[in-house]
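Accompanying notes for the structure given below.
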Number of protein chains: 2
Amino acid sequence: MDELRQNIITRDWVIIAKGRTDRPDEFVPTKKERAMLPAYVARCPFCAGNEAETIEETFAIRDEQGWKVRVVPNKFPALLPQRERTRKVSGVFRSMPAVGIQEVIIEHPRHDMTLALMPVAHVANVIRAYRQRYEAIRQDERIEAIILFKNYGEAAGTSLHHPHSQLVATPIVPNQFRIRIEESIRYFDDTGECVFCRTMGEELASHERVIEENKHFVAFIPYAALSPFSVWIFPKRHASSFDEITEPEIESLAPVLKGVLARLHVALDNPDYNYSIRSIPTGERRTDYFHWYFTIIPRISKTAGFELGSGMFINPTVPEENAALLRSVDLSQL
Amino acid sequence: MDELRQNIITRDWVIIAKGRTDRPDEFVPTKKERAMLPAYVARCPFCAGNEAETIEETFAIRDEQGWKVRVVPNKFPALLPQRERTRKVSGVFRSMPAVGIQEVIIEHPRHDMTLALMPVAHVANVIRAYRQRYEAIRQDERIEAIILFKNYGEAAGTSLHHPHSQLVATPIVPNQFRIRIEESIRYFDDTGECVFCRTMGEELASHERVIEENKHFVAFIPYAALSPFSVWIFPKRHASSFDEITEPEIESLAPVLKGVLARLHVALDNPDYNYSIRSIPTGERRTDYFHWYFTIIPRISKTAGFELGSGMFINPTVPEENAALLRSVDLSQL
């Protein structure tokens, strides 16, 4: 099963090389035990009771017991709203003041919770907070792209254990967004179809790589997954911008997202991971060619010089086998 | 000094955000002491004396004492030469047998050497081995791109301490290569100039980010460096393919490459790093628009969900300050 595969959406190539698992420095699913965390940590700025440690919240979902999900400005932002979006071009050197918005979505009042183990109804509240902030921030005309993402664990780039996600709103369209949108336009021109809808249709038909599916969403390992156990979650209804998500769709996304994270939690023993929501730049909204989606990347393999020098990847596992393993997880043990 | 910068060559945007260094989970130059290695390790397949542990060599540079640099096929390859380059397209699923060539360049007979500390004349031999293999492998008509790279240290993706580099020859042009070449063609069309030559000229004129320079090469921190202390080394003479390098140019590249690695070794206390050589796909050779170069990336910061979800980066240091620090290193202490 050694082959090269090309992702039709990103045009990236990956080497699927299962034979390499006997290499000395090769991928092994980490079996570390994450230390049990306490429910409350006095010096954690995100724990319920420590609200004074954060900047004033921009949004919250509350009930009679208090807040469930809370959004605050990032206390250490790289981008600041109090700046002008002015481009400076001097020869080959191009710059702009670091204008933008950065927020933190505190996913739960308790320090020791994680999305994989939260009730589905709570995960839905986290997604509602994402949508509310996305809708609110896109009103700022200086913002061209909104990236919602989560860093879970040290290998994923965070040392803060309290469950949280982040939002970064940038005053430019990242080059990678433009490249992928151009590809999706080309596919639409050539076929009259959205490449994401088409891919989803073929993944559902083959079902080999599908992990979770319900009325509005499907989760699958991409055919040309760049790294082990990467998962994409697509909305079944064609929509380009994340904030087009409807209330029934949020209720459908929550169990799929939680289901995928719970399967990864069991199969890979609580791995570090990143996820992000890929959405159209804010200047566009409804298009025939682009389709928003969720991408989840467990951080269990390293990128090295080959990846950095080529943009290609080597995946030492087989997507179909990853999917079969995740489907076989017994979630009743959680 | 918080700003966004765009690299004119890659079109990537980076957030230069020095203010974030007081973040709890932020970049700190690692000050770890690398364990002293022995000169010879009985179970190391790359140590002089253990040649029987490797596959038969494809190239070596020898003197009366024995080999100086030695090239062998990768014992655990993902790509194999005994395969056909045939594309398979089935709906959205595209694949090809994993055909290609992977070799290991053993840089020194001794286990405890590293390029940063080797004599310049030895570094020149390593580059000669790169060129010889590049020239030889490009003759294979199934090969479309050759990636030469080095993984140094565990954060850079290797657990093998013996000094070595790698070569991966692929039967496809990586998408990232195509994107960058298209950009370079567009720049050439619009200006009649190579964007790399133009960038080098402006970097030399400003000199703010230049670290090393001699007759044929210049090393600098890119204006829009994606991560701390990334370095580019450009040949001054316009050439698209690495194997166009001449013998006088090899003798000029060796002290610049060694100089950069030695400065990083001292300034960052022997950091893990990757480097790679970016060259035109093998199907082309002489072009007006593309320019080969060396890219060196110390692995001292982590990529997280923002980078994975946008292709943008946050650099918590300032390129001009990185360059000033590297220039100020006293190499006499080595």
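The values are calculated or read from the model by the stated rules, or taken from the named source; none is laboratory data. The shown structure was predicted, so the numbers you read here are calculated from the model rather than taken from an experiment. Here Cβ is always computed from backbone atoms with ideal geometry, including for glycine, and neighbour counts include all displayed protein chains.
Search the stretch A:172-199 for residues being away from chain B (no Cβ under 11 Å) and outside any helix (DSSP H, G or I), and hand back the single one that is nearest to A:Pro235 (Cα to Cα).
Restricting attention to the stretch A:172-199, the residues satisfying the condition of being away from chain B (no Cβ under 11 Å) are A:181, A:184-186, A:188-190, A:192, A:194.
Okay, now just the ones that are also outside any helix (DSSP H, G or I), so A:192, A:194.
Working: A:Gly192: 19, A:Cys194: 13 Å.
Only one residue tops the list, namely A:Cys194.
What are the residues in the stretch A:95-125 that are free of Cβ contacts under 8 Å to residues at least 12 places away in the same chain and over 16 Å from B:Ala17 (Cα atoms), if any? Steps first, please.
So in the stretch A:95-125, the residues free of Cβ contacts under 8 Å to residues at least 12 places away in the same chain come out as A:95, A:119.
Once the filter is applied, which keeps residues that are free of Cβ contacts under 8 Å to residues at least 12 places away in the same chain and over 16 Å from B:Ala17 (Cα atoms), the stretch A:95-125 yields only A:Pro119.
Condition check ((1) touching a Gly at 6+ places or on another chain (Cβ under 9 Å); (2) farther than 30 Å from B:Ala78 by Cβ; (3) modelled with pLDDT under 95) across all residues:
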| residue | (1), (2), (3) |
| --- | --- |
| B:Arg133 | no, no, no |
| B:Ile147 | yes, no, no |
| B:Ala155 | no, no, yes |
| B:His164 | no, no, no |
| B:Cys197 | no, yes, no |
| B:Leu204 | no, yes, no |
| B:Glu213 | no, yes, no |
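Within the bounds of the stretch B:316-325, is there any residue that is out of contact with any Lys or Arg (no Cβ under 8 Å at 6 or more places or on another chain), among the small types (Gly, Ala, Ser) and either surrounded by 22 or more Cβ atoms within 10 Å (Cβ to Cβ) or at pLDDT below 90 (or both)? Among the residues of the stretch B:316-325, not one is out of contact with any Lys or Arg (no Cβ under 8 Å at 6 or more places or on another chain), among the small types (Gly, Ala, Ser) and either surrounded by 22 or more Cβ atoms within 10 Å (Cβ to Cβ) or at pLDDT below 90 (or both), which makes the answer no.
For A:Asn274, indicate whether it is within 17 Å of the chain's Cα centre (by Cα) and modelled with pLDDT under 95. So A:Asn274 fails the test.
Set side by side, the residues B:Phe290, B:Phe234, B:Phe294 differ, and just one is closer than 21 Å to B:Ala155 by Cβ and not β-branched (Val, Ile, Thr), which is B:Phe294.
Checked against (1) within 14 Å of chain B (Cβ to nearest Cβ); (2) surrounded by fewer than 20 Cβ atoms within 10 Å (Cβ to Cβ), A:Ala121 meets all criteria but (1).
Kindly check whether there is at least one residue in the stretch B:73-92 that is away from chain A (no Cβ under 13 Å) and modelled with pLDDT of 95 or more. For the stretch B:73-92, residues away from chain A (no Cβ under 13 Å) and modelled with pLDDT of 95 or more: present.
Would it be correct to say that A:Ala254 is touching a His at 6+ places or on another chain (Cβ under 9 Å), part of a helix (DSSP H, G or I) and either surrounded by fewer than 22 Cβ atoms within 10 Å (Cβ to Cβ) or modelled with pLDDT of 95 or more (or both)? Don't jump to the end; show me each part of the working.
Working: touching a His at 6+ places or on another chain (Cβ under 9 Å): yes; part of a helix (DSSP H, G or I): yes; either surrounded by fewer than 22 Cβ atoms within 10 Å (Cβ to Cβ) or modelled with pLDDT of 95 or more (or both): yes.
Here the answer is yes, as A:Ala254 does meet what is asked.
Can you say whether A:Pro45 is touching a Gly at 6+ places or on another chain (Cβ under 7 Å) and part of a loop (DSSP other than H, G, I, E, B), as far as the supplied structure shows? No, not satisfied.
Summed over the stretch A:124-145, residues that are within 14 Å of chain B (Cβ to nearest Cβ) and over 21 Å from A:Ile61 (Cα atoms) total 4. Scanning the stretch B:45-97 for residues that are among the hydrophobic types (A, V, I, L, M, F, W, C) and farther than 25 Å from B:Ala129 by Cβ, we see that the one that is surrounded by the most Cβ atoms within 10 Å (Cβ to Cβ) is B:Met96.
Out of all the residues in the stretch A:292-311, which are part of a loop (DSSP other than H, G, I, E, B), more than 7 Å from chain B (Cβ to nearest Cβ) and either buried (at least 22 other Cβ atoms within 10 Å of the Cβ) or of a type in the set (Val, Ile, Thr) (or both)?
Of the residues in the stretch A:292-311, the ones part of a loop (DSSP other than H, G, I, E, B) are A:292, A:299-304, A:311.
Subsequent filtering for residues that are more than 7 Å from chain B (Cβ to nearest Cβ) retains A:292, A:299-301.
Matches in the stretch A:292-311: A:Arg299, A:Ile300, A:Ser301.
Cβ-Cβ distances below 6 Å connect the following pairs, each with a first residue in the stretch A:165-178 that is without any contact (Cβ under 8 Å) to a residue 24 or more places away in the chain, a second residue that is small (Gly, Ala, Ser), and a separation of six or more residues or different chains: A:Gln176/B:Gly311.
Being outside any strand (DSSP E or B) and surrounded by 22 or more Cβ atoms within 10 Å (Cβ to Cβ) narrows it down to one of B:Ala219, B:Ala169, B:Ala129, so name that one. From the options B:Ala219, B:Ala169, B:Ala129, the qualifying one is B:Ala129. Would you confirm whether or not the stretch A:265-276 contains a residue that is in contact with a helix residue (DSSP H, G or I) (Cβ under 9 Å, 6 or more places away or on another chain), in a helix (DSSP H, G or I) and not small (Gly, Ala, Ser)? Within the stretch A:265-276, one or more residues are in contact with a helix residue (DSSP H, G or I) (Cβ under 9 Å, 6 or more places away or on another chain), in a helix (DSSP H, G or I) and not small (Gly, Ala, Ser).
Report yes if some residue within the stretch A:241-251 is touching a Ser or Thr at 6+ places or on another chain (Cβ under 6 Å), modelled with pLDDT of 95 or more and not in a loop (DSSP other than H, G, I, E, B); otherwise report no. For the stretch A:241-251, residues touching a Ser or Thr at 6+ places or on another chain (Cβ under 6 Å), modelled with pLDDT of 95 or more and not in a loop (DSSP other than H, G, I, E, B): present.
Looking at the stretch A:132-164, which of its residues are among the aliphatic types (A, V, I, L, M), out of contact with any Lys or Arg (no Cβ under 7 Å at 6 or more places or on another chain) and either in a helix (DSSP H, G or I) or surrounded by 21 or more Cβ atoms within 10 Å (Cβ to Cβ) (or both)? Break it down into steps so the answer makes sense when it comes.
Let us first name the residues in the stretch A:132-164 that are among the aliphatic types (A, V, I, L, M), namely A:136-137, A:143, A:145-148, A:155-156, A:160.
Filter once more, so that each one left must be out of contact with any Lys or Arg (no Cβ under 7 Å at 6 or more places or on another chain): A:136-137, A:143, A:145, A:147-148, A:160.
Residues satisfying the conditions are A:Ala136, A:Ile137, A:Ile143, A:Ala145, A:Ile147, A:Leu148.
Residue-level check: of (1) touching a His at 6+ places or on another chain (Cβ under 8 Å); (2) at the interface with chain B (Cβ under 8 Å from one of its Cβ atoms); (3) among the β-branched types (Val, Ile, Thr), A:Ile106 misses just (2).
With respect to being modelled with pLDDT under 95, within 19 Å of A:Ile296 (Cα to Cα) and among the small types (Gly, Ala, Ser), A:Ala116 falls outside the description.
Please count how many residues of the stretch B:277-291 are of a type in the set (A, V, I, L, M) and either surrounded by fewer than 22 Cβ atoms within 10 Å (Cβ to Cβ) or in a strand (DSSP E or B) (or both). Walk me through how you get there before you give the answer.
So the first thing to find is which residues in the stretch B:277-291 are of a type in the set (A, V, I, L, M), and the list is B:277, B:280.
Next, from what is left, pick out any that are either surrounded by fewer than 22 Cβ atoms within 10 Å (Cβ to Cβ) or in a strand (DSSP E or B) (or both): B:277.
Qualifying residue count, the stretch B:277-291: 1.
Residues that are touching a helix residue (DSSP H, G or I) at 6+ places or on another chain (Cβ under 9 Å) and more than 7 Å from chain A (Cβ to nearest Cβ) were ranked within the stretch B:146-162; the one that is farthest from B:Glu284 (Cα to Cα) is B:Tyr152.
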